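Read-outs: derived from the displayed coordinates by stated rules, not from any lab. These numbers were taken from a predicted model, which means no experiment stands behind them. Heads up, the Cβs are rebuilt from the backbone with ideal geometry, glycines too, and the neighbour counts pull from every protein chain shown.
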Amino acid sequence: MFLLSSHWLLELGGKLHPLLVHFPIGLLVGAWLLESWKHWRQGSQDYRQMVYLGAFFAVCSVIGGALLKASGDYAGETIRWHEISGYLTAGLAILTALYYKYRSDQFPGRAYLLLSISCISLTFAGHWGASLTHGADYLSSIWTSTDQQDQVNLAHWQSLSSADSFPEDQLNRLNVEVRALFAHRCYQCHSEAKRKGGLALDHKEGVFAGGDGGAILVAGAPEESEIIRRLKLPRSDEEAMPTKGKLLSEGEIDLIALWIEQGAPWADTTLKVFREAPLALKRPALPNTPAEIKHPIDKFVHVYFQEQGIEWPNLIDDRQFIRRAFLDITGLLPKPAAIKQFEENPSTNKRQELIKHLLSDKENYTLHWLSFWNDLLRNDYSGTGFITGGRKQVTDWLYRTLIEDKPYNQMAKELINPSKESAGFIKGIQWRGVVNASQRTELQAAQNISQSLLGINLKCASCHNSFINNLTLEQAYSFANIFAEEPLEIHRCDKPIGKFTAPGFLYPSLGEVVGDSLKERLASLAEVVVQPANGRLYRNIVNRFWQQLFGRGIITPVDELDNLPWSQDLLDWMAAEFIQNDYSLAQLLADIMSSQTYQLPAVNYSSPAFVASEEFVFRGPLIKRLSAEQFVDAFAQVVQPFYHSRSYDPDSLEMDCEWIWHEEIEVERRVLPKPGIRRFRKSFSLPIGQQISKAQLLMTADDAYSLFINGQKLLEGEDWQQVQQLDLPIDILRKNNQIAIEGTNEGIIANPAGLLFSLRMELESGDTLFVHSDRSWKTTKDTSDLDWTALTYDDSDWGGAWRAGRFEKSFWGVLPSFNFESTDTALFVRAALVKQDDFMKTLGRPVRENVTSQRSTTSTLLQSLLLTNSALFHDKIKEAAQAWLAAGQPPMEAVEELYVQALGRQPNPREKRILRKQLKSAEPEEFLEDVIWSLVLLPEFQLI
Amino acid sequence: MLNDIETRRTFLRKMQQASMAAMAVSLPSASFLSSCSKAKTSQARADSVILLWMAGGMCHTETFDPKTYTPFEKGMESKAVVSTFPSSPTVLDGIHFSEGLEGIGSVMDRGTLIRSYRAADLGHILHTRHQYHWHTCYEPPQSVQPPHIGAWIAKELGPVNPVIPPFIDIGQRFTVGEGEELKAFHSAGFLGSAFGPFFIPDPAQGLESVRPPKGMDLKRFESRNKLYRDLVKSSAFGEYGSSYQQESYLRSMEQAYQLLKSPEAQAFDLSQEPKEVYDLYNTGRFGLGCLLARRLVESGARFISVTTEYEPFLGWDTHENGHTRLKGMKAQIDRPIQQLILDLEERGLLDRTLVVLASEFSRDMLMEGRPGANVRDQVKVPDQVETLKHYGMHRHFTDGCSMLMWGGGVRKGFVLGETAAERPFKAITEPIVIDQVHQSIYHALGIPPETQYTIEQRPFYTTPDGTGEVITDLFTPTI
């Protein structure tokens, strides 16, 4: 089918179907009308041509329809009926046409009869076709619904209603069903949250109080009840309810009427309208499968495939596998040598061995998965001092947790009952001023634990009883009170209601949360949440990992764990196994990735909407796009390091010097540094009688600088990310010395500027002396003097340097190469440790004000614009091209090498032809730039 | 019994399935979010919006709603200071503006002056929080990320001209203080980054963002693109099969290419303006931003924000020297805004372009927040004005602010609401809140009030709960 649909002509044929079908409709029905007229009026005109043409188009339509079906995701009853009636129509039309041609002179009546039958068949085909395109109820919705599916279980109630009164349990059930109907069909507008027309249907008082227009029901008298009248109105009536979505079916209305007739009883049971997943994990037995299916995950998937009628496809090849595995565990591309070695490795177990090997690279595993956790724990956002202490990072804790592979139950415990290092997660974000009651930090803590760790949405219930799950406002406050020093007054939709509630967890069956102090309660909550009986905690993380690897969770969305999984057994088995394996996240990855299921080829699912729906059928992973971080890291590996500066430095190699600049003042306020040249001076003396054995300096500045010592120019630089290291000629130093730096802030408008300097001198005595950039330096914007680098120059009218460190957090971060110990100046910094910037943000790295459960997989124009014309990106490519050429490699050889680095393969002959042709018409440097650019933007590079 | 329960379960499941499509998922990807209602553009009165953003709290009594002039006297009581500028007449009878805004005053016969905007009471003042509220219509923090008004408009209406990004933000940099808070609302939020702002921090360099990379001429740009296309075709990616991800990826690459080589990109190039026009607008970045906005509207932009730029304690955010600094601020905005209105009118664009001038709140000499509110961390104001430094509106006032609108069906020469003549200078008639302002802007554009998306299974409207009301007085009645 796939092959068939891939030819454009066939696809066009399919696409033409909706157009084609109108020809037979017009022609055959037209012929029938004219024939009818003729029969009635005894006319003698000849309409046979129309019948022939109609038959011809009927056949065309059927062919088009078959092609369309082959190319799309059509299935089900409607399509079957449409298909059958379509073929029938075409057949009948041919028959009719033949009859008209050869026999109509003899039997005009029979020909007319045949035409009539064709038209009837056509009507059916048309009806089913319209049902496909306009929805099954496009016709029936004109009348009040006659839809059989929506008959609820009215039959059950009708069988009972012959008896005059129902037993109490039946009345309660009836009420619960009516309330479920309200919840699904009416709450959106008529609940405490909304109260359209003053009506709230989500509690007893609201239902019986009615709306602005008065009571909505008269107990015992459905025919007098406003609600029944409004529900029965046709869609065209302005007063018809509901105003949004489908009208209620007759059965549904009858059910409400029956309930009113029975006196509108109200059951005082807590209504559980929405599906709730059981807390406990199933521990399903491993299914019996053919001997070649060994991996437990594959066994479950095999059973699932059998149920769905899916054959195992061929697994991906070694080259695809190693790329996928590298990117999924370390976020990096495999090196060409590793690919070659892997391909040549004869071991049958090599894929499992590779997974193990990759997981042993703990640092790169951590640096890749850090992004997943930052998204989930909304960590690694940055704030300013203005929201004093309103935010806290957990990066340090997270880094160590991942690198140690801390057991997940312990990790969850530390998030819920935090140490100082992990306190940021439940601390939330405190904006200055008065915030909405539902966004108090205590409620944020409850919401975030619910979403990130338990896969349930508490955000609705923080404001009012939820209408998307069974949680109540009181439950939300009860949960939040665990984190509160003082019990919080319940606010409904930001209005206090004068009620308080005791601290308690969402799932009381797991045990009570006890403790008088906050600390005790947190400790107690942590114990309650992490116990193995709380299957949600473990299902949640397994499902989220599955989504990371396969592009879609076993349950989707991953934030709604009460939705149905495509395989409950698989999910629960993995969660239970995860507990068995001492909660090891690395082991969880290893388990999933060593299955054959992980080696399935990426699947071309039809649309994002299908992937997100419950109709989704798992056949293999989705095609994934490199994340912002993966792309930047891959680029750094293949082309040129992208970043040299980190916002978080796990090695803590920070030095003791300060970023400084000239202080710029306007109307008595410090402003962003203006573009232009600023001068800096610092003098220092050496201790008498001490000899210097070695002197080294580190220097960088944003944007450019020239460095002089004792009047001698030593260094220049133009890129603040490129730290320069210099061994200072010792004879340049005297007793009294003068450092002089000319710094340039480039640009047209004001922007951050600063310089960073360190001089280390080793004395023969073994002591070490430092001169760092700091506020003791002097600065000026006056550039008129010529002798300003000299020791003798009088700088007494210069001002003191300003510590530009405020940009350090928000802009520069930490330069790992600004260190005397580091020798590698081209150090490449992993993107996860880099502060969020516009480049990565545009490529989809979230701002993390809120929990992010999944990044978008589709591309945007802004992303492509960035990749097509960003100066930053282009400069990196330029640098790389220059470096390749400087190394003396012929351009074509360089390109072949690049192909191997980027795609793990040589260019194929066709590509070589294209590249050679391009080289002929361009300068080598431009050629190389354009090839690099194209290469890293190829879908083959971008998509996994 | 069992049978009945099964039926009900099946029923419930079916109900859930039916709403699944609408509920989508919590993906921030807007590509398959479907709005419940499509914009009725036939009723639209405007195609484009220009927001002129007075960042930092523009004081109404020093600008568009002057009160008694109390000239500077050394040692005068702070509470005696009312307006620090004399007022001058505008083109409208009986309506005066503070001195220095004569240009804008001269075009008020083409628009509406709102004198009764009330900013929300968010407790003690944080500019960026009020700005977040103004631009998204939702008070921060929110449990999901609400979109900027420009993103809503971009999502609902798309671009006017397909090659001009529908949401353009001119003049704001994020390297300033509170940069992170600024980023929090300069975003398309849950609508997905496709609808996010296209930033042009410096209007003079606008062209940089929409042309091939520096140093690459069109010929090479085209040749590079051809190379790319050829390599895509011959790459071994075929073995992975086609997919919507790949299609969306290649489609957006193609779009970017088309935009960057399109002649419309010239709209971003201010150097193409005649020198006298350029000079007329050039009072700095804000003035040039107005010029760029005009050029972009001419070429088919949808939503443009031009800001005086928020930087803590700068711009309109006067914590001292208020009087002195406001002279400069007025000089920065007066001529370019006047010229913008005249130019749009001359080109026949003003009727279909809604121009809005607004600020997050106003200022006062003494009052912080609302009358009666005891707001923490007030700006220190001495009892007596000893130097010019103390003379000005240094506290944040939320209870009465001015806002201007032109075009897009807005009434001409109309004044809505008024503030008290005596301190506190709060709105006393026709109080207007942000929900109404947003709904009115959407109304002008033909975006219906029930526009909403289901995010994390909850309905999320353009204004909270879809309840914002159109300020009907604002618009000329339609026949």
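Divide the volume of the convex hull around the Cα atoms of the stretch A:760-829 by the residue count and you get 179 Å³ per residue.
Relative contact order, whole percent, for chain A stands at 9, derived from Cα pairs under 8 Å and 6 or more residues apart.
Applying a DSSP loop filter and a limit of 13 other Cβ atoms within 10 Å to the GluC sites (Glu not before Pro) in the stretch A:299-389 leaves A:E311. Note on B:Y69 and A:Q410: the model spin-label points, each 7 Å out from Cα along the C-beta direction, lie 7.5 nm apart. With a Förster radius of 22 Å applied to the C-beta separation of A:R41 and A:K101, the computed FRET efficiency comes to 0.40.
On the basis of the beta-carbon distance and an R0 of 45 Å, A:R275 and B:V470 show a calculated FRET efficiency of 0.65. Candidates A:V638, A:P532, A:P418 compared by Cα position along the dipole of the protein assembly as shown: farthest toward the positive end lies A:V638, with charges placed on Cβ. Placing a label point 7 Å from the Cα of A:V434 along the Cα-to-Cβ direction, the residues of the stretch B:362-376 with a backbone N closer than 14 Å are B:369-376. Please name whichever of A:P907, A:S595, A:F811 sits farthest to the positive end of the charge dipole of the protein assembly as shown, dipole taken about the Cα centre and charges placed at Cβ: Lys and Arg +1, Asp and Glu -1. About the Cα centre, the residue reaching furthest to the positive side is A:P907.
Over the stretch A:660-827, Cα pairs under 8 Å with separation of 6+ residues give a relative contact order of 31 percent. Once you have a ≥ b ≥ c as the square roots of the Cα gyration tensor eigenvalues for the stretch B:414-479, tell me rounded if a/c is under 1.5, and otherwise prolate or oblate according to whether a/b is larger than b/c. Oblate is the answer for the stretch B:414-479, as a/c is 1.5 or above yet b/c matches or exceeds a/b.
Length gained on full extension, A:A423 to A:C493: 22.4 nm, using 0.36 nm per residue less the C-alpha separation. Charge dipole (Cα centre; +1 on Lys/Arg Cβ, -1 on Asp/Glu Cβ; no other charges) of the stretch A:167-261 amounts to roughly 460 debye. Sorting A:769-776, A:494-501 by average packing, meaning the other beta carbons within 10 Å per residue, from highest down gives A:769-776, A:494-501. Straight-distance candidates among the lysines for linking to A:K204, with alpha-carbon spacing under 18 Å and chain neighbours fewer than 8 residues away dropped: A:K194, A:K196, A:K272.
Positive-end ranking of B:G315, B:G287, B:A301 along the dipole of the stretch B:280-328, with charges on Cβ about the Cα centre, is headed by B:A301.
With contacts taken as Cα pairs under 8 Å at a separation of at least 6 residues, chain B carries a relative contact order of 30 percent. If only the Cβ of Lys and Arg carry +1 and only the Cβ of Asp and Glu carry -1, the dipole of chain B around its Cα centre is close to 1140 debye.
In this structure, the residue pairs whose Cα-Cα separation is over 22 Å, taken from A:K809/B:K155; A:K519/A:K835; B:K226/B:K261; A:K413/A:K835, are A:K809/B:K155; A:K519/A:K835; A:K413/A:K835. Placing R0 at 22 angstrom, the Cβ-Cβ distance between A:L715 and A:D782 gives a FRET efficiency of 0.45 after rounding to 0.05.
Modelled label positions at A:E615 and A:I84, each set 7 Å beyond Cα in the direction of Cβ, lie 2.1 nm from each other. Quick one: angle between helix A:871-886 and the longest Cα principal axis of chain A, in degrees between 0 and 90, rounded to 10, please. The answer is roughly 60 degrees. Across all directions, the average flat footprint of the convex hull enclosing the Cα atoms of the stretch B:300-444 is 10.4 nm². Counting only DSSP beta bridges with both residues in the protein assembly as shown, the antiparallel share comes to about 75 percent. With a 10 Å cut-off around each Cβ of B:110-123, the average count of Cβ atoms from other chains is 1. Within the stretch A:407-476, the trypsin sites (Lys or Arg not before Pro) that combine a DSSP coil assignment with at most 16 other C-beta atoms in a 10 angstrom radius are A:K420. Helices meeting the span-like rule in chain B (full DSSP H runs, Cα extent of at least 30 Å along the helix axis, mean Kyte-Doolittle score of -1.0 or higher): B:2-23, B:322-346. Straight-line reach from A:K694: taking Cα to Cα under 18 Å and skipping same-chain neighbours fewer than 8 places apart, the lysines in range are A:K735. If you take the square roots of the eigenvalues of the alpha-carbon gyration tensor of the stretch A:660-827 and sort them as a ≥ b ≥ c, do you get rounded (a/c under 1.5), prolate (a/b over b/c) or oblate? Oblate.
Restricting the stretch B:300-371 to trypsin sites (Lys or Arg not before Pro) that sit in a DSSP loop and have at most 13 other Cβ atoms within 10 Å of their own Cβ leaves B:R347. Each peptide in A:22-29, A:552-559 was scored by the mean count of other Cβ atoms within 10 Å over its residues; highest first, the order is A:552-559, A:22-29. Sort out for me the Cα centre separation of the stretch B:406-426 from the stretch A:276-301, rounded to whole Å. Spelled out, the Cα-based centre of one part sits 70 Å from the other.
Take each residue in A:428-441, count the other chain C-beta atoms within 10 Å of its C-beta, and the mean is 5.
Indicate the gyration tensor shape class of the stretch A:408-521 (rounded, prolate or oblate), computed on the Cα atoms with a ≥ b ≥ c the square roots of the eigenvalues: a/c under 1.5 is rounded; otherwise a/b larger than b/c is prolate and the rest oblate. Here the stretch A:408-521 falls in the rounded category. Helical runs (DSSP H, four residues minimum) scored at -39500 (n - 2.57) apiece and divided by the length of chain A put the mean residue ellipticity at 222 nm at -13000 deg cm²/dmol. Percent of Cα-Cα pairs per 5 Å bin, from 0 to the last occupied bin, for the stretch B:230-305, please list those. Taking all Cα pairs of the stretch B:230-305, the binned fractions are 3, 13, 16, 15, 12, 9, 7, 8, 7, 5, 3, 1 percent. Per-residue ellipticity at 222 nm computed for chain B from its helices equals -9500 deg cm²/dmol, with DSSP H segments shorter than 4 residues left out and the rest contributing -39,500 (n - 2.57). Shielding value for B:219-230 is 5, the average number of Cβ atoms from other chains within 10 Å of each residue's Cβ. Within straight-line reach of B:K327, meaning a Cα separation under 16 Å, sit the following lysines at least 8 residues removed in sequence or on another chain: B:K389.
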